[in-house]
Amino acid sequence: MKFQINEASTHELQTGFPITQAVIDGFQSGRVYNFRDNYFIVHKSGFCSLIQKSPCLEELIMLFQEDEIPRYIHIYDIGEILISKIKMQDDLFGLKIRHRVKLIYSNRQMIDVPSIDGFTLNMITDANFDFISALDFGIKDRFWDNKADFIKHSNGVVIINSIGEPVCICYAAAIANDVAEIDILTKGDHRNRGLAKFAVAGFVNNCIKKNIIPNWDCFEENEASLRTAKGLLFKEVNRYRLLSLYKKKAYES
């Protein structure tokens, strides 16, 4: 079966998730597959959304086997029928089903969080981007297409320790419909010091200035992440299942 790939933006479609919505809006790289009146959106990072209006299980199973589909993908808010169908294809796919929590910061109030001794909060700029990227935070091309796009749109902040090392960053992995998907990364030896809360506060304040709503998305079992979000007055708006799927033949080759 030949799947149509929509290169042009399809603005009437809404996924409910900034990362895949950014692909539909033509703001980040990915593909939108169309079969009949169904759409499968694949972000270059492997995050995916299905907009289903008619039965399409057989087509999806075939699509997942296409070489251009990443060998490891994560499908937002997946239905039980599709999960059951994929489980029956255990010779083709391995899968993991996890539960996620979506929270947003919508009260439009700037966050006042005390600084932490020995650490400073800075914007990620053209001047410090390459230095930060060298520490393998993965910001260079995981979500954004290039350095210029990241600096212009991500509202990224970085925490620097007393010897000048970047140890924690917070930035928008994607922005769509004025909602920013938060990504936070902290070096392992600097965790449990409150740095994530410090960084997120700076990021949220940057978003408020631009009338952007920060979106926090994490696994249900990540109690530390949920505590941080709720401690900053993020409000829960949804719980859903994330299906992580990998093609077994791709891993065998």
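The values are calculated or read from the model by the stated rules, or taken from the named source; none is laboratory data. Keep in mind the model is a prediction, meaning the values are calculated, not measured. All Cβ positions, glycine included, derive from the backbone under ideal geometry; neighbour counts span all protein chains shown. Note: accessible area is taken over every heavy atom of the protein model, side chains too, but ligands, DNA and RNA are not part of it. Shrake-Rupley method; radii C 1.70, N 1.55, O 1.52, S 1.80 Å.
Structure notes:
- Yes/no for Val101 being within 22 Å of Gly16 (Cα to Cα) and surrounded by 14 or more Cβ atoms within 10 Å (Cβ to Cβ): yes
- Members of the stretch 147-194 that are outside any loop (DSSP other than H, G, I, E, B) and open to solvent by 30 Å² or more (accessible area, probe 1.4 Å): Lys147, Ala148, Asp149, Ile151, Lys152, His153, Ile160, Val179, Ile184, Leu185, Gly188, Asp189
- Residue tally, condition in contact with a strand residue (DSSP E or B) (Cβ under 6 Å, 6 or more places away or on another chain), open to solvent by 30 Å² or more (accessible area, probe 1.4 Å) and of a type outside the set (Val, Ile, Thr), over the stretch 75-98: 4
- Taking the criterion of being of a type in the set (A, V, I, L, M, F, W, C), open to solvent by 60 Å² or more (accessible area, probe 1.4 Å) and free of Cβ contacts under 8 Å to residues at least 40 places away in the same chain, no residue of the stretch 21-58 qualifies.
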